[in-house]
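Enquirer: Encoded as structure tokens, here's the structure I'll be asking about.
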Amino acid sequence: MTITLTGTTSELGALLARHRSTSATGNVHINVAGQRANTLLHDGHAWRNFARTTLVATRRALRSVEKLHEPLLVHASFAFVHAVEDGSPVKEPLRSIVDAILECEAMVLSGPVPTCVVRLGYLYGPHSVDLRAYRKAFRLGRPYWSGPSRARQYDLHQFDAVSALLAAGKARNAGKTFYAVAGPPVPFERFMDAFAHRVGRRNPLHLPLLSRPLAKVIIREEHMQQTALSMPPGVPNPRVPGWKPKYAAYGTGLDQVIESWND
């Protein structure tokens, strides 16, 4: 398989670039434009200008596939929109982000080339600059915005995201939408507290929900809305055919991150 990419400047794009040639047959174009924002680790700042830039990049990916005569486009999307489709209401500014994500999905699925969509959980992993920033913040004893303690979120290790997108790159998957998440959703607070424990912070501090007006000075509204947007229980289906996450438990995924950094 020969792989071409749109979105190589993202962390996920850089990891995929290492797999430009695999032993499988066929060619595929993978669009990971916008995936820099697909994490709860950047406090919402990566959503700035998301709608405009992602729509432009997705149109560019479609043109690239046509020009290069690639038989399939794999479009990386966002699993959290599942909650909206399940009936959870969202307000601005997150509403415009969801609309842009769904518009991109509709664009590629109705476009002139065979396409499949893979909705990815919120990304984390050893190559996350934002996760390294959290490590520094926890070691300094800084609090973080965890959102409601019972709001569950989908997560996905970066390496599992790469394997899911590669596994989706088969002609028989054209026209379909799949999910790639680690497992049932877990609260962001539980996930980040587990990470804090691994970097030496036994009792990480949370910004209280009542501090929301003041917290907006450093945390964007989109991030606050996302941490409060709880995902439906269970694992969303259909999952990418033939794919299973290596780090299905976030604890093992975080252990891999720490081990990688130590190495």
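The values are calculated or read from the model by the stated rules, or taken from the named source; none is laboratory data. Keep in mind it's a predicted model, so treat the numbers as computed, not measured. Ideal geometry is used to build each Cβ from the backbone, glycine not excepted, and the neighbour counts take in all protein chains shown.
Enquirer: In region 173-185, which residues are more than 15 Å from the chain's Cα centre (by Cα) and either buried (at least 18 other Cβ atoms within 10 Å of the Cβ) or free of Cβ contacts under 8 Å to residues at least 24 places away in the same chain (or both)?
Expert: N173
Enquirer: Scanning region 103-119 for residues that are assigned to a strand (DSSP E or B) and among the β-branched types (V, I, T), which turns out farthest from A161 (Cα to Cα)?
Expert: Among those residues, the one meeting the criterion is T115.
Enquirer: Now for a separate question. Would you point out which residue out of Q153, Q158 is in contact with a Pro (Cβ under 7 Å, 6 or more places away or on another chain) and either at pLDDT 95 or above or aliphatic (A, V, I, L, M) (or both)?
Expert: Q153
Enquirer: Filter region 62-97 down to residues that are crowded, with 19+ Cβ neighbours inside 10 Å and over 16 Å from Q153 (Cα atoms), then give me how many there are.
Expert: 9
Enquirer: Would you mind telling me which numbered condition in (1) in a helix (DSSP H, G or I); (2) modelled with pLDDT under 95; (3) loosely packed, with under 13 Cβ neighbours inside 10 Å P233 fails?
Expert: (1)
Enquirer: Tell me the residue from R201, R239 that is touching a Lys or Arg at 6+ places or on another chain (Cβ under 8 Å), of a type outside the set (G, A, S) and either on the phi > 0 side of the Ramachandran plot or buried (at least 17 other Cβ atoms within 10 Å of the Cβ) (or both), please.
Expert: After applying the criteria, what remains is R201.
Enquirer: Please specify each residue of region 46-80 satisfying the condition of being in contact with a Lys or Arg (Cβ under 7 Å, 6 or more places away or on another chain) and closer than 18 Å to A106 by Cβ.
Expert: Listed by number, the residues that qualify are S77, F78, A79.
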